[in-house]
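Okay, so here's the structure we're looking at.
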Amino acid sequence: MTAFSAPPRRYLHLWLDRLSIDRVRRANPTLGSPLALTVRQSNALRIQALDRAAEAMGLVPGMTLASARAQVPELLAADADANADLATLKGVAEACRRYTPSLAVDAPDGIDLNVTGAAPLFGGEATLADDLVSRLAARGFSARYGIADTPGLAWALARHGQRPIAEPGERADILAPLPMAALRLEEETLAMLRGLGLRRVGQIAPALARPALARRLGEGVLQRLDEALGTRAAPLVLKLEISPYCTERRLAEPVGEEDQVLRLAAGLAADLCRRLEAERLGARLFVLELHRVDGAVRWLKVAASRPLRDPVRIAALFAERIGALNEGLEADFGFDLLRLWARRTQPAEALAQDLLQAEPSAAGFAALVDRLSARLGQGVVRRVSPAPETRTPELCVRAAPFDPCAPAAWTGEPPARDEGVPLRPLTLFAAPQPIEVTAVVPEGAPDRFKWRRLQRLVVAAEGPERLEPEWGRATELARTRDYYRLEDETGRRYWVFREGRYDRPGEAPRWFIHGLFA
């Protein structure tokens with residue numbers, strides 16, 4: 001018996017390098033060359049895109065139209081239309097479904113295709129890609145492609161690679177000679193890297209201490225590098241076809257009361273969950289369509305933290321969502337058609353319950369997050385996690401939307417403690433507050449300080465803890481900080497710092513209070 005092994009994942013990135021120009025030429029086939037598309041910026045028309053004839057004459061995007069016409073008097077101009085470009089890109093994406101049903105639109109000019117297992121049906125990856133590009137050329141679109149094990153590497157090959165296809169398992173070697181722009185970085189980040197002398201991906205690929213790289217280059221650079229190499233997940237936002245997981249109710253008599261809508265939604269959820277259970281699936285996103293008698297449609301969306309197929313919980317989430325509507329359902333003459341969709345599904349196995357049917361604490365906490373998100377809105381419930389790439393107190397934590405199914409953001413060292421007492425307060429002020437300090441020695445701990453118009457006598461002090469400006473984020477205004485832990489005569493404890501140093505000319509040290517110990 002032969003063991004089955006899944007084929008390696010393969011992705012194709014399609015770059016329509018002149019999408020806007022090709023769209024205008026398709027709409028106006030009689031337009032000549034050279035051609036430029038313009039957009040208004042700062043009360044001036046600037047060139048956004050050019051055809052090859054205009055580029056050959058020395059014109060570049062970003063020029064004003066007046067300057068371009070002074071150089072090329074015969075230049076033709078048309079208005080750029082981002083909405084029309086996006087609609088065209090989505091139309092091209094639909095045409096790509098002949099190669100794979102799994103694809104994502106990468107606006108403004110790219111399409112990602114998951115071609116895992118599809119290439120043999122077309123005679124190989126190169127044949128598939130060539131057929132795709134030739135079909136687009138016949139429709140008037142110029143395109144380039146890249147194929148690799150990861151979407152990020154495929155993107156890099158399509159736009160910056162010398163050869164378009166990376167063999168399975170070939171990642172670091174083919175990525176190393178590419179420019180930094182191949183990592184899909186912002187222009188500001190690229191400028192910073194050029195200032196540090198980093199121009200090729202291979203210059204940051206050698207094995208160095210990742211915390212040191214994160215402090216110097218920022219977490220975003222390493223994230224993009226990991227996505228291209230496949231060491232960090234970079235899921236595609238797929239452009240899905242119509243979901244097959246849908247149930248509906250057509251009513252002879254319209255309904256308009258909230259309790260009636262909720263009862264019908266519970267029935268729809270029960271039907272939908274039977275289908276999901278038969279396929280061992282759960283859903284993370286549910287959409288309830290409410291069609292009014294006069295033709296208007298109302299959409300209600302609720303999301304789950306983990307795959308869900310419990311009709312009672314689904315109905316409860318919609319009850320929370322409806323209860324949070326300030327304007328109500330706006331039923332007017334009533335709804336005569338209700339439709340419930342499972343827009344995002346995942347495999348989900350049944351969870352065993354104990355004899356007391358006590359809900360597991362993780363599932364109970366996820367249910368709480370779902371109810372809060374349904375009532376308050378998506379993204380409101382957030383998880384705070386440490387940021388290991390910085391030691392600056394006000395930047396060393398970050399907040400992200402809560403997802404109990406996601407791995408922990410960081411599992412580094414716990415906060416420093418001395419005999420069980422934290423060396424830093426758990427909460428900080430939004431901005432450090434200035435204080436007036438009296439010290440026996442200029443560079444020593446405060447003897448007393450004035451905060452919020454009250455004088456406080458210091459009876460105990462610990463420190464200093466010196467924090468130098470991080471050179472990767474250093475600016476002309478960045479200064480050294482010396483932190484102290486203080487206790488006053490009433491037993492209250494404070495975390496204060498002196499900004500600046502006495503031994504540096506031009507730096508008049510200032511004192512601030514940054515947080516309070518409980």
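The values are calculated or read from the model by the stated rules, or taken from the named source; none is laboratory data. On a predicted model such as this, the values are computed, not experimentally measured, just so you know. Methodologically, a virtual Cβ is constructed for each residue, glycine included, from the backbone with ideal geometry; neighbour enumeration extends over all protein chains shown. Calculation scope for accessible area: heavy atoms of the full protein, side chains included, ligands and nucleic acids excluded. Shrake-Rupley method; radii C 1.70, N 1.55, O 1.52, S 1.80 Å.
Brief remarks on what is shown
- Scanning the stretch 432-444 for residues that are assigned to a strand (DSSP E or B) and without any contact (Cβ under 8 Å) to a residue 24 or more places away in the chain gives a single hit, T438.
- Residue list for the stretch 29-59, filter: within 16 Å of V72 (Cβ to Cβ) and small (G, A, S): G32, S33, A36, A49, A53, A54, A56, G58
- Filtered by the rule that a residue be assigned to a loop (DSSP other than H, G, I, E, B) and within 45 Å of the chain's Cα centre (by Cα), the stretch 445-465 gives A445, P446, R452, R453.
- Among the candidates A84, A66, residue that is open to solvent by less than 50 Å² (accessible area, probe 1.4 Å), at pLDDT 90 or above and not in a loop (DSSP other than H, G, I, E, B): A84
- Residue check for A93: of a type outside the set (K, R) and touching a Ser or Thr at 6+ places or on another chain (Cβ under 9 Å): no
- Test: residue in the stretch 466-480 that is modelled with pLDDT of 90 or more and of a type outside the set (K, R): no
- The one condition from (1) acidic (D, E); (2) open to solvent by 50 Å² or more (accessible area, probe 1.4 Å); (3) within 25 Å of Y11 (Cβ to Cβ) that E188 does not meet is (3).
- Residue satisfying all of: in the stretch 314-334; of a type in the set (D, E, K, R) and surrounded by fewer than 19 Cβ atoms within 10 Å (Cβ to Cβ); nearest to G282 (Cα to Cα) among these: E320
- The one condition in (1) open to solvent by less than 30 Å² (accessible area, probe 1.4 Å); (2) under 19 Å from F141 (Cβ atoms); (3) under 32 Å from the mean Cα position of the chain (by Cα) that R23 fails to fulfil: (1)
- Given (1) open to solvent by 60 Å² or more (accessible area, probe 1.4 Å); (2) more than 11 Å from A265 (Cβ to Cβ), number of the condition R284 does not satisfy: (1)
- Residue list for the stretch 177-202, filter: over 22 Å from the mean Cα position of the chain (by Cα), at pLDDT 90 or above and of a type in the set (A, V, I, L, M, F, W, C): L178
- Of all residues in the stretch 100-131 being under 30 Å from A80 (Cβ atoms) and either open to solvent by less than 10 Å² (accessible area, probe 1.4 Å) or touching a Lys or Arg at 6+ places or on another chain (Cβ under 7 Å) (or both), the one that is modelled with the lowest pLDDT: L103
- Only one entry of L376, L338, L308, L317 meets the criterion of being at pLDDT below 85 and among the hydrophobic types (A, V, I, L, M, F, W, C), and that entry is L376.
- Among the residues listed as R466, R453, the single one being exposed (fewer than 14 other Cβ atoms within 10 Å of the Cβ), without any contact (Cβ under 8 Å) to a residue 60 or more places away in the chain, at positive phi and not β-branched (V, I, T): R453
- Here A107 meets the list (1) touching a residue at least 24 places away in the same chain (Cβ under 8 Å); (2) closer than 24 Å to T150 by Cβ almost entirely, failing just condition (1).
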